Amino acid sequence: GSRSRERASDLALVMLGGAESFERGGYAGTPIGRVLPVFLTAGTTTEARDPQGYRWSLTREGMLQPWARRSANEADELAAQQQLPAHRTIHRAQNIKPGAIRVADFVDSSRQSLPGLVVQRFGAGKTAAVLAGDMWRTQLQSADDPSGAISERDDLGKFWRQLLRWAIVDVPSRVEVRPHQDTESRGLT
């Protein structure tokens, strides 16, 4: 086969989006919707709203994934998560697909959790759904800074580097199989 005829199972897909994405983007029932690790239902209103925003929190499974953490140990990771600014634009995923892993959640002011980062293997490939429309907030220092200054961090760059590395590592190269005729066993029944 030609390399120009890639199959979806040979690729990595990372989809980013908030309230106006996923279902509202028209992906329900499409090939993209089928490979995502979250179920999409056409016409569903899934916008999440909490005036205090949503805190990023790695799940237990996320803490076990070195590529998902910013810090080397759990205590430092939990402290780093507390310093991140709250998200304001997220997508409320109704359900994740069997075999998908919730790596991170968004936690609202009433301590309810919504999926934040969901990943899965799909065939020989990998797919991920980042359910925030404002991941750029991760780049900023907490608004609780006493100086009132907003400074940049490298958390966002590290997040994207690690997520994309996860997406492409261990995805096998295409294998080509060619049948050949065995002339020695031809007369055997």
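Solvent-accessible surface (1.4 Å probe) assigned to Arg102 amounts to roughly 70 Å². What the phi angles of the range 107-112 give under the Karplus curve with 6.51, -1.76 and 1.60, with θ = phi - 60°, is a coupling list of 10, 8, 5, 8, 6, 7 Hz, glycine and proline written as x. On full extension, the segment bounded by Thr30 and Trp67 gains 10.4 nm, given 0.36 nm per residue less the C-alpha separation.
The accessible area of Ser110, taken with all protein chains in place and a 1.4 Å probe, comes to roughly 70 Å². Residues Lys97, Lys126, Lys158, ordered by accessible area of protein heavy atoms at a 1.4 angstrom probe radius and largest first, appear as Lys158, Lys97, Lys126.
To the nearest 10, the accessible area of Arg34 is 140 Å² with a 1.4 Å probe. Extending 7 Å from Cα along the Cβ direction at Leu78 and again at Ala12 yields two label points whose distance is 3.0 nm.
Rounded to the nearest 0.05, the FRET efficiency derived from the C-beta distance between Leu156 and Gln94 at R0 = 41 Å is 0.95.
The values are calculated or read from the model by the stated rules, or taken from the named source; none is laboratory data. This one's a predicted model, so the numbers in the text were calculated from it and none came from an experiment. Reconstructed Cβ throughout: ideal geometry from the backbone, glycine too, with neighbour counts over all protein chains shown. Areas reflect the complete protein model, heavy atoms only, side chains present, ligands, DNA and RNA absent. Shrake-Rupley method; radii C 1.70, N 1.55, O 1.52, S 1.80 Å.
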